[in-house]
Amino acid sequence: MSEPDGFRAETRAWLEANCPAPMRTPITSAEMVWSSSRTVFLDDDQRVWFERMRDRGWFVPGWPREYGGGGLDARQQRVLEQEMLALGCRQPQYNLGVWMLGPVLLELGTDEQKREHLPKMARGQARWCQGFSEPNAGSDLASLRTAAVRDGDEFVVNGQKIWTSYGDRADWMYALVRTDPAAKKQEGITFLLIDMKTPGITVRPIELISGKSEFSQVFFDDVRVPVRNVVGGVDRGWSVAKKLLDHERAAMSKFTEGGAPSHDALAAAAPYLAAAGPVWRDRLAGALMDQQAFALTTRRMHEMAQARQDVSALGAIMKLVQTEQESAKYELLQQVMGQRGLSWEGDGYTAEEHDVCRLWLYTKVYTIAGGSSEIQLNLIARRVLGLPG
Ligand SMILES: Cc1cc2nc3c(=O)[nH]c(=O)nc-3n(C[C@H](O)[C@H](O)[C@H](O)COP(=O)(O)OP(=O)(O)OC[C@H]3O[C@@H](n4cnc5c(N)ncnc54)[C@H](O)[C@@H]3O)c2cc1C
């Protein structure tokens, strides 16, 4: 690949000089820095890495500089990703705003919305959550019922969201609400930005079997939201949501590129693999080849995007393949490791062995969040293969 401007060499030198050594090790979920108005750092290395990347605009390298971004073109962004990957640099921060809402606001937001929200995302000062799913509207999102009724310059919102990841820690929510109950179900929906401090919002964390609570239920009781917080027009939220979900799928399909916590699961399983027979080793080689083929396909997709070809529909394929492939890989490791691959806590096991079990469980999550695998197959049928709905 030709590097006309020396950007790769400069980027590598900067990363080598500025990324503290502990920030070049695989990250665990407990070590992820979720940026917000109350960002918490576990140590100085995390803070320094966060601040240096923030000040360079590299939380959002492709966004314009006027909104706090790095102003890089598509090729330079890819070079930055590759160099971070090569050095094993951790993501300096995580935020749904940056991954999903930001690109939508850049395309469809009003100037006021861009000025208010994008710089805060780019500087890691506001955490966003996603208020789409409801108790009877998950895969069938268009059946959502949370209502927003116009009252002058405001909407009054009533209803309930569920499975809102980290709703209890978010500063803002981007939500889908029903503004025209008489319209066909996709047509009466509006995309709203809601300040989580607004009176009338109650967040109830849902406790999981692990004892942790990553999800919430969010209740809206006469919550007043300014009309200026509508993105993309009243009753036009469905097309905004579809764009946002394209960005969500793209973010999820990058998980093996350092977007999510990852331990060297293979290293944990190495002693078992050495003892395993040729059949198991053959299956593992197959899984690794699939992983490599996926990485190459991702690269091809980036090059198509750079050539300004529309790759948005391919996101469904990438999300499906990536999440199912990871799931299959961990299934295989579990089988090879036997009972030790199921250890969760307790003595006599290494931390890596415990992590294999945790990450195996997490792979299930990724095949549901962001639209289940069956829904991705439906999308591929319609948007890629052009089959009837
Ligand atoms: C880790 C995680 C984080 C999440 N975070 C958020 C969040 O922050 N905000 C948010 O709004 N939501 C969030 N969700 C919710 C997620 O979007 C939904 O769980 C998902 O869309 C599926 O909806 P459901 O759970 O209602 O299942 P259902 O829609 O009831 O589906 C149940 C099963 O039926 C299958 N199915 C349904 N319809 C079809 C169909 N037409 N064709 C074929 N099969 C079908 C599904 O694939 C699934 O296997 C999260 C979920 C997870 C697991």
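Return the ratio Rg/(2.2 N^0.38 Å) for region 128-236, where Rg is computed over Cα atoms only. Before the final figure, lay out each step's value.
Values: Rg = 13.4 Å, N = 109, 2.2 N^0.38 = 13.1 Å.
Normalised by 2.2 N^0.38 Å, the Cα Rg of region 128-236 equals 1.03.
When only alpha-carbon atoms are used, what values of Rg and Dmax, in angstrom, describe the chain?
Here Rg and the maximum Cα pair distance are 21.7, 71 Å.
Report, in degrees rounded to the nearest 10, the 0 to 90 angle that the Cα long axis of helix 265-275 makes with the longest principal axis of the chain.
Relative to the chain, helix 265-275 is tipped by roughly 30 degrees.
Cα atoms only, region 263-381: Rg and Dmax in Å?
16.6, 54
What GluC sites (Glu not before Pro) in region 286-389 are in a loop by DSSP, with at most 15 other Cβ atoms within 10 Å of the Cβ? Intermediate values should be presented prior to the final figure.
On the way: sites: Glu303, Glu324, Glu326, Glu331, Glu345, Glu352, Glu353, Glu374; in loops: Glu345.
Qualifying residues, ordered by number: Glu345.
Given the -39500 (n - 2.57) contribution per DSSP H run of 4+ residues, what per-residue ellipticity at 222 nm results for the chain, rounded to the nearest 500 deg cm²/dmol?
Computed ellipticity for the chain at 222 nm equals -13500 deg cm²/dmol.
Once you've got the GNM for the chain with C-alpha springs shorter than 10 Å, pick whichever of Ala251, Ala148, Ala295 has the biggest mean-square fluctuation.
Maximum among the listed residues: Ala295.
Trypsin sites (Lys or Arg not before Pro) within region 1-95: which are DSSP loop residues with at most 10 other Cβ atoms inside 10 Å?
Listed in order of number, the matching sites are Arg38.
With each label point set 7 Å from Cα along the Cα-Cβ vector, what nm distance links Glu324 and Arg308?
3.4 nm
Give the order of Ile375, Ile368 when sorted by the count of other beta carbons within 10 angstrom, beginning with the fewest.
Result, fewest neighbours first: Ile368, Ile375.
Suppose every Lys and Arg Cβ carries +1 and every Asp and Glu Cβ carries -1, with no other charges. What dipole size does region 128-236 come out with about its Cα centre, to the nearest 20 debye?
It works out to roughly 140 debye.
Among Ser139, Ser213, Thr190, whose Cα sits farthest toward the positive end of the charge dipole of region 128-236 (+1 at Cβ of Lys/Arg, -1 at Cβ of Asp/Glu, about the Cα centre)?
Comparing the listed Cα positions along the dipole, Ser139 ranks first.
Under a 5 Å amide H to amide H cut-off, with H placed in plane at 1.01 Å, what residues pair with Tyr94 once short-range neighbours are removed?
Result for Tyr94 returns Val33, Trp34, Ser35.
Find how many whole Å separate the alpha carbon centroid of region 365-389 from the alpha carbon centroid of region 20-97.
Value for the Cα centre distance between the two parts: 30 Å.
Under a 5 Å amide H to amide H cut-off, with H placed in plane at 1.01 Å, what residues pair with Phe155 once short-range neighbours are removed?
For Phe155, whose amide H was placed from the backbone, the distant partners under 5 Å are Val225, Val227.
In angstroms, what radius of gyration and Dmax does region 1-160 have, counting Cα atoms only?
When restricted to Cα atoms, region 1-160 yields Rg and Dmax of 18.7, 58 Å.
Can you pull out the trypsin sites (Lys or Arg not before Pro) in region 285-355 that DSSP calls coil and that have at most 11 other Cβ atoms within 10 Å?
Those that pass, being in a loop and sparsely packed, are Arg308.
How far is helix 111-122 tilted, in degrees, relative to the longest principal axis of the Cα atoms in the chain, given as a value from 0 to 90 rounded to the nearest 10?
Relative to the chain, helix 111-122 is tipped by roughly 30 degrees.
Per Stokes-Einstein, at 4 °C and 1.567 mPa s, what whole-number D in µm² s⁻¹ belongs to region 7-94, with the Kirkwood radius over Cα pairs as the hydrodynamic radius? Mind dumping the intermediate values first?
On the way: Rh = 13.3 Å.
Calculated translational D: 97 µm²/s.
In whole Hz, what ³J(HN,Hα) sequence does region 53-70 give by Karplus (6.51, -1.76, 1.60; θ = phi - 60°), x for Gly and Pro?
5, 4, 5, 8, x, 9, 5, 9, x, x, 6, x, 4, 4, 9, x, x, x
Every number in this text was worked out from the coordinates using simple rules, so none of it is lab data. Every value quoted in this text rests on a predicted model; they were computed, and no experiment measured them. For neighbour counting, all protein chains shown are included, and Cβ atoms are generated from backbone atoms with ideal geometry for every residue, glycine included.
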